[in-house]
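> Next up is a structure, given as structure tokens.
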Amino acid sequence: MKASYLQTLNEFPNQDTEWSQDWQKINAVFSLIDDLEDTFNSFDVSYLRELQQQMLILNLKKYAWSLQGLILEKYSNGQSD
């Protein structure tokens, strides 16, 4: 197992660095969504506007989850594009 990991590292030397950078970007996206959600919660708006805000947050989270899935898929193959 260790030998195959070392071989993968030799084949794709920047993969750990790239993965780390991509993962930090995803964490930043989720953090921004959380900040936006907190800001929306501080507003005193009508019920319909509140529902629109919740739908926006949900769609942003779905998009971020899909990006997270792409990153996991990209690096689970042991290859880098």
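> Could you line up Tyr63, Tyr75, Tyr47 from fewest to most neighbouring Cβ atoms inside 10 Å? List each step's numbers first, then the result.
Numbers: Tyr63 12, Tyr75 17, Tyr47 7.
Result, fewest neighbours first: Tyr47, Tyr63, Tyr75.
> Would you mind ranking Trp65, Trp19 so that the residue whose beta carbon has the fewest other beta carbons within 10 Å leads the list? All intermediate terms of the calculation are to be shown ahead of the outcome.
Numbers: Trp65 12, Trp19 16.
Ordered by Cβ neighbours within 10 Å, fewest first: Trp65, Trp19.
> Okay, next question. Taking 7 Å along the Cα-to-C-beta vector as the label spot, tell me the Asp35-Ser76 distance in nanometres, rounded to one decimal.
3.0 nm
> Among Val29, Val45, which comes first, second and so on when ranked by fewest other beta-carbon atoms within 10 Å?
On the way: Val29 16, Val45 11.
Least crowded to most crowded, the residues run Val45, Val29.
Bear in mind that the values in this text are calculations on the coordinates, not laboratory data. The shown structure was predicted, so the numbers you read here are calculated from the model rather than taken from an experiment. Heads up, the Cβs are rebuilt from the backbone with ideal geometry, glycines too, and the neighbour counts pull from every protein chain shown.
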